[in-house]
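Inspection log for the structure reproduced underneath, given as structure tokens.
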Amino acid sequence: MRKAVGPIARRSEVIRQQRERGGWVAAVLPIHYPRALLRSFDLLPIEVWGPPGIDPDHGAAHVQAYVCSIVRNALSFILSGGLDVADVIMVPHTCDSLQGLGSLLLDLVRPRQPVVPFYLPRGERECDIQFLAEEFRAISRQLEEITGRSPSLLELIECVKRDEEADGLLGSLHHRRNELALNSYEFYRVLRAREYLPSEDFVELARSCLACAAEAPNVGVPLILSGIVPEPMSMLALIDELGARIVADDLACCGRRLYPNGVSEDPFVRMAERIVRSAPDPTRGSPLADRSEHLLRLAAGSEARAVVFHGVKFCEPELFDLPVLREELKRAGLPSVIIEVDLNDPLSHQVRTRLEALLEMIR
Ligand code: SF4
């Protein structure tokens, strides 16, 4: 297969470079957060989606057995020193589990770094934007105290615009994925570099990928991937192996974060607009009708023939929506399957069997 992208810098390398130039690092829990605000304080956001494949025991001692593996692993990682490199830990109140993690870190198992929690609104009204902008102003005041820095509004708006450029290119990668001659595994490695590369470096990476784009043959049964995060990544290799391809996604770490540009000249409001006006997301309280319309629109635009709901075990925001959402999609002629994983487990035979059964039905 033609390679459209060279090696992608690893997280550890990116962190080392940030440190060498005197910058700071913020470890950020999922999903939505003010990336530009952190950058304006020279804090490089490094997202923590678990990580997968670590010893979860340190965290398991502090959380209930029915807490998802993203939260359990993140707590283990923090307690075992995996995030010692971070100067700040940011915990958005994405769901009950992350809210619980934020409380634990603030009150019971305090890490050495300051913990910055914040709330996200569960709606898309003007007042939701204003609420989120206020949350971002409060974070800004907290970061001033932590870092002793005080970026100007001009510096902040420049960071917001840099993010908008990077997210615009992220959108181009999504929309032109068929032209990139990358298999699913390679493609998601590029997309997920947005989780830790500085925006300006991601811009470079995305441009180099798009520069190599060419009409590639559309092979494989077209699928939409929905859920939180495509872990284990071997699941993507399995999709390739089974002769399918992901033509669009509704993943919390990817497609739900194709943030549109903001319009306000106030950088705090503009950051809030971008998040509040992004794709429907159960953790932001999006109505089911919006979610099914969004998925059907994605299917119509990409010719997807089915949806794979790839969930993390015990993820309540995702699980609550699925019965009704799947019924709606089925009524509209779009079949789906659910596969559930724990970040620490290898890919099971059950996942393979479910995917094979789905593909047999729609081929
Ligand atoms: S996987 Fe679900 S429950 Fe776990 S942190 Fe993410 S949104 Fe919350």
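Where a number appears in this text, it was derived from the coordinates with a stated rule and is not lab data. A quick note: this is a predicted structure, and the numbers were derived from the prediction, not measured. Ideal geometry is used to build each Cβ from the backbone, glycine not excepted, and the neighbour counts take in all protein chains shown.
Shown here is the pair-distance distribution of region 285-348: with all Cα-Cα distances grouped in 5 Å bins from zero up to the longest one, the shares run 4, 16, 28, 23, 16, 10, 4, 0 percent. Mean silhouette area of region 1-101, derived from the convex hull of its C-alpha atoms and averaged over all directions, reads 8.3 nm². The residues Met235, Met361, Met90, Met271, when put in order of fewest to most other Cβ atoms within 10 Å, stand as Met361, Met235, Met90, Met271. Figure legend: label point modelled 7 angstrom from the Cα of Lys313 along Cα→Cβ; residues of region 320-363 with amide N under 14 Å from it are 339-351.
In plain terms, the chain from Gln142 to Ile338 could stretch by 66.5 nm, reckoned as 0.36 nm per residue minus the Cα-Cα distance.
Taking the C-alpha atoms only, the angle from helix 316-331 to the longest principal axis of the chain is near 30 degrees. What is the sum of charges, Lys and Arg at +1 and Asp and Glu at -1, for the other residues whose Cβ falls under 10 Å from the Cβ of Tyr259? Around Tyr259, the charge tally is +1. Restricting to DSSP H runs of at least four residues, report the calculated mean residue ellipticity at 222 nm for the chain, -39500 (n - 2.57) per run over all residues, nearest 500 deg cm²/dmol. Here the helix-only value at 222 nm equals -14500 deg cm²/dmol. As a calculated quantity, the FRET efficiency between Leu210 and Ile362 at R0 = 35 Å, using C-beta atoms, amounts to about 0.70.
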